[in-house]
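The values are calculated or read from the model by the stated rules, or taken from the named source; none is laboratory data. Here the structure is a predicted model, which is why all the values come from computation and not from measurement. Virtual Cβ from ideal backbone geometry, glycine too; neighbours counted across all protein chains shown.
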Amino acid sequence: MQNINTFQSFLVLLKRTWDRSSRDEEGGTISLAELFVGLQYLMEKADKEREGRKIPRANILRDPFVLINLRHYCMLAHGAYSESVTDICSKTPLMESDIVQFQLVSRQEQPAYYLAVDHLTRNIVLSICGTKSFQDVLTDVNVETTEFLDGYAPKGMVASVYWLQNQVLHTILEQMAEYPEYGVVFVGHSLGGAVATLLSLLLRKTLEIPVTCYSYGPPPCVCPSFVPLTKEFGVTTVILDTDLIPRFNLESLNLLVVELKNLDWQQVYFHDSELHSKLFGAAANYLGQDTTQQISQQISNYLRKGLRKGSQQVIEYGKNTLKSKFHNSNNMKEIAHLHQKMSDWSRSYWSHWESSTKEMHPLKLAGNIWHIQREGNKYFAVESDQGDYWNRIEPSRQMLHDHRISHIELALKDLQLE
């Protein structure tokens, strides 16, 4: 059920963005099911285009030393998602004696972390855990900004930065005194990567501690004026192919909605021979249960009539069919509970979003960006700039999977050098 819950979170936000932009349009609302179909259409179209792409070799990563560092610090970032020191050591090359401080339970604005002395690279390393719930990532990415140094940053992240500074600064200074020839490196994934970036900026600018940072799949977290500074300070951002989170903001959602609205829905419905199965899949995903051939036939009937609005009727039909079949099933209760949970979450989230967007300011990715891209069954890392490319969501069936730290780690393991 977790995968369904995760994807529905994104669909709910996309639907709300659509409805919000269509308030004055007659018949402007859209069902979750047909939104799924439209998004699936864009995903498959984009994925097919990517299948035959050739990555320009001009900016490809060729330095094996850089690759070794990217892999190593990704492992250390993954270690922050651990429940014990033993678990950290199973994910990383660290030994238990290397861990000098840790808190492995995250609370609101108090991320889990561990501080270690990495004798392999001769660095004192702070690894910060990202948010484990995708819904929380979406919530935390799109919140109001607040003052930070001589610029601004997301309010919740700034609170986490100052909390972490109070937790670890004393120990970092102690370890720097004990190992004066060692460097200081902050690492993190997702929101943990964003917090690591901001904390490294804070300690660089206020205490002149020469921190470098490796951030994996982070959301945009720095104001535009900080971007040159993050490059100068040695912040490295790593993004796996179509990862949604580094591209996720109000602007990118609006652009995706525009793309969906500009779809030729007649083309989508009647010129794609597999479309009925996609809408069938939408019903299955929405209900969290394999549907019957009856539902598939009903979908085909609506498609032949060309009724876009019919897709919601298909969903209702599917619900009734499943209820008649599983009315005594615990799974049906779980599905109903999920629907209610998603509905409550979306209302709460959207109310918070609409009240906070007035306080939002543009945010950028930090530092030097390595974009890991697929070419067939190979991976290459390409140096990227801060252009508008990162303000657009890349529709892909992999855009949620590409955010997982385990997938980033595997991609780095398979990365090709030329």
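As for region 242-249, it holds at least one residue that is modelled with pLDDT of 90 or more and among the hydroxyl-bearing types (Ser, Thr, Tyr). Does Ala116 count as of a type in the set (A, V, I, L, M, F, W, C), in contact (Cβ under 8 Å) with a residue 12 or more places away in the chain, crowded, with 24+ Cβ neighbours inside 10 Å and in a loop (DSSP other than H, G, I, E, B)? It is false that Ala116 is of a type in the set (A, V, I, L, M, F, W, C), in contact (Cβ under 8 Å) with a residue 12 or more places away in the chain, crowded, with 24+ Cβ neighbours inside 10 Å and in a loop (DSSP other than H, G, I, E, B). Scanning region 198-224 for residues that are assigned to a helix (DSSP H, G or I) and surrounded by 19 or more Cβ atoms within 10 Å (Cβ to Cβ) turns up Leu198, Leu199, Ser200, Leu201, Leu202, Leu203, Arg204. Checking Ala159 against (1) in contact (Cβ under 8 Å) with a residue 24 or more places away in the chain; (2) in a strand (DSSP E or B): exactly one of these is not met. Which one? Single failed check for Ala159: (2).
Table: residues versus (1) touching a Gly at 6+ places or on another chain (Cβ under 8 Å); (2) buried (at least 20 other Cβ atoms within 10 Å of the Cβ); (3) of a type in the set (Lys, Arg); (4) at pLDDT 95 or above.
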{"residue": "Val85", "(1), (2), (3), (4)": "no, no, no, yes"}
{"residue": "Pro93", "(1), (2), (3), (4)": "no, no, no, yes"}
{"residue": "Gln101", "(1), (2), (3), (4)": "no, no, no, yes"}
{"residue": "Glu109", "(1), (2), (3), (4)": "yes, no, no, no"}
{"residue": "Asp150", "(1), (2), (3), (4)": "no, no, no, no"}
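Applying the set (1) over 20 Å from Ala77 (Cβ atoms); (2) buried (at least 22 other Cβ atoms within 10 Å of the Cβ) to Met157 leaves exactly one unmet item: (1). Just to be sure, is Val137 part of a loop (DSSP other than H, G, I, E, B), modelled with pLDDT under 95 and either within 23 Å of Thr212 (Cα to Cα) or aliphatic (A, V, I, L, M) (or both)? Spelling it out, it is not the case that Val137 is part of a loop (DSSP other than H, G, I, E, B), modelled with pLDDT under 95 and either within 23 Å of Thr212 (Cα to Cα) or aliphatic (A, V, I, L, M) (or both).
Residues that are among the aliphatic types (A, V, I, L, M) and not assigned by TED's automatic domain parsing to the domain that holds Asn377 are absent from region 81-98 altogether. Using the structure shown, decide if Tyr389 is more than 16 Å from Pro218 (Cα to Cα), outside the structural domain of Leu42 (by TED's automatic domain parsing) and either surrounded by fewer than 21 Cβ atoms within 10 Å (Cβ to Cβ) or modelled with pLDDT of 90 or more (or both). So Tyr389 fails the test.
Would it be correct to say that Glu144 is modelled with pLDDT under 95, of a type outside the set (S, T, N, Q) and at positive phi? No; evaluated as a whole, the condition is false for this residue. Pairs are defined by a Cβ separation below 7 Å, a sequence spacing of at least 6 or placement on different chains, a first member in region 169-191 that is in the same structural domain as Pro219 (by TED's automatic domain parsing) and in a loop (DSSP other than H, G, I, E, B), and a second member that is aliphatic (A, V, I, L, M) and surrounded by 15 or more Cβ atoms within 10 Å (Cβ to Cβ); the pairs so defined are Tyr179/Val117; Tyr179/Ile124; Tyr182/Ile124; Ser190/Val137; Ser190/Ile245. Checked against (1) within 30 Å of Val12 (Cα to Cα); (2) in a strand (DSSP E or B), Val37 passes all but condition (2).
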